[in-house]
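Everything below concerns the one structure shown next.
The values are calculated or read from the model by the stated rules, or taken from the named source; none is laboratory data. It should be emphasised that the depicted structure is a prediction, and the values quoted were computed from it without experimental measurement. FYI the Cβ positions are ideal-geometry reconstructions off the backbone, even for glycines, and counts take in every protein chain you see. Just so you know, the surface numbers come from the protein's heavy atoms only, side chains and all, with ligands and any DNA or RNA stripped out. Shrake-Rupley method; radii C 1.70, N 1.55, O 1.52, S 1.80 Å.
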Amino acid sequence: DCSVDHFTVGGVISGLVGSVVLQNNAGDDITVTANGSFAFPTTVASGATYAVTVSTQPSSPTQTCVVTSGSGTVTSADITSVRVECTTDTFAIGGTVTGLAGRGLVLQNNGGETLSIAADGTFTFPTPVASGASYAVTVMAQPTSPSQSCTVAMGSGTVGGAAVTDIAVTCVTRTFTIGGTVSGLAGTGLVLQDNGGDDLTIAADGTFTFSTPVASGATFAVSVLAQPTGPSQTCTVSGGSG
């Protein structure tokens, strides 16, 4: 009474971080959770074929596992030559910039890689980040000419199984107050203007500041709207525009 010998099919897996489901001949699923050797529980008869494939790729982090030497015919010994190599997937990190008017905006990811931004629109850092790793996008250099303040929203997190595209960088132009010093004032009724408006009544010598700030890159022009009376005086402005 003769019977056909049966042998195990297996091999070695490397680079695995999570867990992967392997199949032999479209069945006999086995879940592998660690690097090293593996073998399918169901043996294969001598003379029969085997075909090892990946049924379910690893997640958390996402990986891609590739089988080599995964198919053939069983002869007279266990199959131990199947190789499964897993690599962690990487994904791009990016988002959108709005409101940019100045020059010199530089973003940074994870305190290292920098990216210069020249205009509004989408951006992507050139180096992708591995699934399961963290990202943290910050502003390394603020824009100038005009001076702006850019802030990052949704700029940090952990990479999952897709590219990060929802980082929002919003830039607003900084504003600055316009003011100076009045000297020699003896009368009453002195009124100054900036840019033909924003009237400011001056009661005495000293510093003054207009209530409405002016955006970086915009012009200012301070003038005398009303001269003092009682006594009558003539006030002139120097350094009043720019």
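When the P(r) is computed for the stretch 10-116, the part past 25 Å accounts for 41% of the Cα-Cα pairs. When the surface is traced with a 1.4 Å probe over the full set of protein chains, Thr122 keeps roughly 120 Å² accessible. Measuring r between the beta carbons of His6 and Thr53 and using R0 = 25 Å, the FRET efficiency lands at 0.75. Taking a quarter of the surface of the Cα convex hull of the stretch 67-196 gives a mean projected area of 13.4 nm².
Site pair Ala215 and Thr33 shows an inter-label distance of 5.9 nm when each label is modelled 7 Å from Cα along Cα→Cβ. For Asn195 and Thr207, the difference between the fully extended length at 0.36 nm per residue and the C-alpha to C-alpha distance is 2.4 nm. Counting heavy atoms of the protein chains alone, Cys86 has an accessible area of about 10 Å² for a 1.4 Å probe. For the chain, a crude dipole built from +1 on the beta carbon of Lys and Arg and -1 on the beta carbon of Asp and Glu, taken about the Cα centre, is about 640 debye to the nearest 20. At q = 0.07, 0.10 Å⁻¹ the log10 of I(q)/I(0) for the chain amounts to -0.52, -0.71, computed by Debye summation with a single uniform scatterer per C-alpha, solvent ignored.
As a length-normalised measure over Cα pairs under 8 Å and 6 or more apart, the relative contact order of the chain settles at 14 percent. Distances between placed amide hydrogens fall under 5 Å for Ala141 paired with Val106, all partners being 5 or more residues away or on another chain.
Once backbone amide H atoms are built at 1.01 Å from N, Ala133 has Val159 as its partners under 5 Å, excluding neighbours fewer than 5 places away on the same chain.
Put simply, when 150-158, 187-195 are sorted by average Cβ atoms within 10 angstrom per residue, most first, you get 187-195, 150-158. Relative intensity of the stretch 131-210 on a log10 scale, I(q)/I(0) at q = 0.11, 0.13, 0.20, 0.22 Å⁻¹, equals -0.56, -0.63, -0.92, -1.00, per a Debye sum over C-alpha point scatterers of equal strength in the absence of solvent. Comparing Asp199, Asp120, Asp166 in a Gaussian network model of the chain where C-alpha atoms under 10 Å apart are linked, the largest mean-square fluctuation is found at Asp199.
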